[in-house]
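The values are calculated or read from the model by the stated rules, or taken from the named source; none is laboratory data. Please read these numbers as outputs of a predicted model, since none were measured by experiment.
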Amino acid sequence: MDIYTLGRLALPGVVAIMAIAALLTLFAGVFTAVKTLMSLQRFFQQMENGKRPSVTINIITGRRASKPPMQERK
């Protein structure tokens, strides 16, 4: 059996593997898009209801020193 015959026999298997990979990729993309749209819908519903978001961001500013640092005199 020469290499050409082996290649012809393997071609349907390779095409099948590529088709399965393409279908899985398409399914994963649709699944991700649906999950993203559901998340956006939930976010907009929370904004509409006026509720606070579940994540709170605290911004802590540093205290000012009572005396500024010494400056060089000229």
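For this structure, a couple of remarks:
- T25 being of a type in the set (S, T, N, Q) and at pLDDT 95 or above: yes
- Residue that is modelled with pLDDT under 95, in a helix (DSSP H, G or I) and of a type in the set (V, I, T), where the choices are T61, T36, T5: T5
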